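One structure is given here, and the rest of the page talks about it.
The values are calculated or read from the model by the stated rules, or taken from the named source; none is laboratory data. Everything numeric here is computed off the predicted structure, so don't read it as measured data. Because the Cβ atoms are built from the backbone with ideal geometry, glycine has one as well, and the counts that use them run over all protein chains shown.
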Amino acid sequence: MNKIALSIGGVPIGTGGVQNIARGAGSLGGNIIGWASALFLFVIILVCLFFMIYGGIRWIMSNGEEKNVEGARNTIVNAAIGLAIAFLAYFFVNIAGAFLHVPLLGK
């Protein structure tokens with residue numbers, strides 16, 4: 001059952017073919033977006049892990065100096081914020097795909 005009736009010069013045109021083409025294109029695009037977003041999330045996790053370890057080493061090496069401890073704490077907090085933002089972005093891409101009925105993350 002077509003929800004939209006198209007006609008050119010009074011001749012009705014079915015929309016089933018258009019829907020099938022859109023599904024195929026969305027699948028390819030969804031696979032590319034899914035692969036790229038998973039790779040992006042993996043790289044962000046590695047970078048954040050590096051900065052958390054770096055901040056921890058700076059904290060240990062600070063010898064209790066308040067200025068150095070504050071800098072190390074800021075490094076760790078900023079890495080955690082970056083990680084949270086990356087996970088939220090991944091989550092919102094997943095929500096957008098579900099809302100648009102396009103498998104953006106390869107599901």
Based on what the data block shows, is residue 64 modelled with pLDDT of 65 or more and not in a helix (DSSP H, G or I)?
yes
Residue list for segment 48-68, filter: within 29 Å of residue 95 (Cβ to Cβ) and surrounded by 14 or more Cβ atoms within 10 Å (Cβ to Cβ):
48, 51, 52
If only one of 84, 79 is within 24 Å of residue 33 (Cα to Cα) and not hydroxyl-bearing (Ser, Thr, Tyr), which one is it?
84
Here are 71, 34: which of them is surrounded by 14 or more Cβ atoms within 10 Å (Cβ to Cβ) and touching a Gly at 6+ places or on another chain (Cβ under 6 Å)?
34
